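The structure appears right after this line, and notes come after that.
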Amino acid sequence: MNEVEVHSAAEAAPAAPGLTQWQRVTNVFSAPSKTFEDIKRGNRSWWMPLIVMSLAAYILFTAITLKIGWQQTVDNLMRMDPKTEEKLAQMPPEQRAATNKITLYSTQGTFAATPALILAVVALGSLGLWATINFVFGGKATYGSVFAVWMFATLPDIIKSLLGSIVIFAGEVPESFNLKNPAPTNLGAFLNPVETHKAIYMLATSLDAVSIWSMVLLGIGVATVAGVKRTSGYIAVFGWWALFVLIGAGWAAMTA
């Protein structure tokens, strides 16, 4: 067979069938490259990870509602922020009650709006990462492919919601529950948020095993769809992460 025949046969070979939604979800945990290659081929549907992450968040919502209580959850948040607690103590009773009610409703509303919040975060984050991987590292990714990669790469975050729910149902003391850090997946979970300096606590919380896992996946995925080296994907993802962590730690230090 000559080169022309080989080339013609290759062109005539049918394209590999795309993965199903569930295959892409499960492959994120077992063979992530398969999911990201599928996205690169043009299969950019992202609704399944949105549903999975939203369901995990609502399971945590249910656990908090049944075992902790939202008033207790809000009381804990205020107690873990001495400055906020001090301001509340100085308010007249009517104003303090109104502030408490607003905080309670906004906290519950944030959970209720989980799907919309996920979409907003992914949309903005994907824009920055798309620009970085293309204009800084010479990639050729489309915004849609980066968006889909981000949705699938952050699927490990469901572990934090599910683990937090398990901890609650296993007998979490309501007075010690911290909504901002519900699962013991980072160093901050083992520190006292009141006694630890805000900046140190923020840095410790940032060293989260599940979040780092997701960022590694995001680095692999964005490099795949952009057609660049994985190191470029890692630098782009962890560079943005480091920037936001430093900004957050700096803000925490100034407001401590």
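For the stretch 86-111, the set of residues classified as of a type in the set (A, V, I, L, M, F, W, C), without any contact (Cβ under 8 Å) to a residue 40 or more places away in the chain and not in a loop (DSSP other than H, G, I, E, B) consists of Leu88, Ala89, Ala97, Ala98, Ile102, Leu104, listed by residue number.
Count, please, the residues in the stretch 49-85 that happen to be more than 25 Å from Thr255 (Cα to Cα) and part of a helix (DSSP H, G or I). The number of residues fulfilling the criteria is 22. Count, please, the residues in the stretch 80-90 that happen to be in contact with a helix residue (DSSP H, G or I) (Cβ under 8 Å, 6 or more places away or on another chain) and surrounded by 14 or more Cβ atoms within 10 Å (Cβ to Cβ). Looking only at that region, the number is 3. Being surrounded by 15 or more Cβ atoms within 10 Å (Cβ to Cβ), among the β-branched types (Val, Ile, Thr) and over 19 Å from Val25 (Cα atoms) holds for only one residue in Val121, Val136, Val167, and it is Val167.
Might you check whether a residue that is under 16 Å from the mean Cα position of the chain (by Cα), of a type outside the set (Phe, Trp, Tyr) and under 28 Å from Ala170 (Cα atoms) occurs anywhere in the stretch 94-111? Among the residues of the stretch 94-111, at least one is under 16 Å from the mean Cα position of the chain (by Cα), of a type outside the set (Phe, Trp, Tyr) and under 28 Å from Ala170 (Cα atoms), which makes the answer yes. Residues in the stretch 154-175 that are of a type in the set (Gly, Ala, Ser) and either modelled with pLDDT under 90 or over 30 Å from Ile51 (Cα atoms) (or both): 1 in all.
Filtered by the rule that a residue be in contact with a Ser or Thr (Cβ under 8 Å, 6 or more places away or on another chain), part of a loop (DSSP other than H, G, I, E, B) and either of a type in the set (A, V, I, L, M, F, W, C) or over 17 Å from Phe111 (Cβ atoms) (or both), the stretch 155-184 gives Phe177, Leu179, Ala183. Under the condition of being of a type in the set (Val, Ile, Thr) and under 30 Å from Met151 (Cα atoms), the residues counted in the stretch 75-115 number 4.
The values are calculated or read from the model by the stated rules, or taken from the named source; none is laboratory data. As the structure is a prediction and not an experimental result, all values here were calculated from the model. Positions of Cβ are generated from backbone atoms using ideal geometry, with glycine treated the same way; all protein chains shown enter the neighbour counts.
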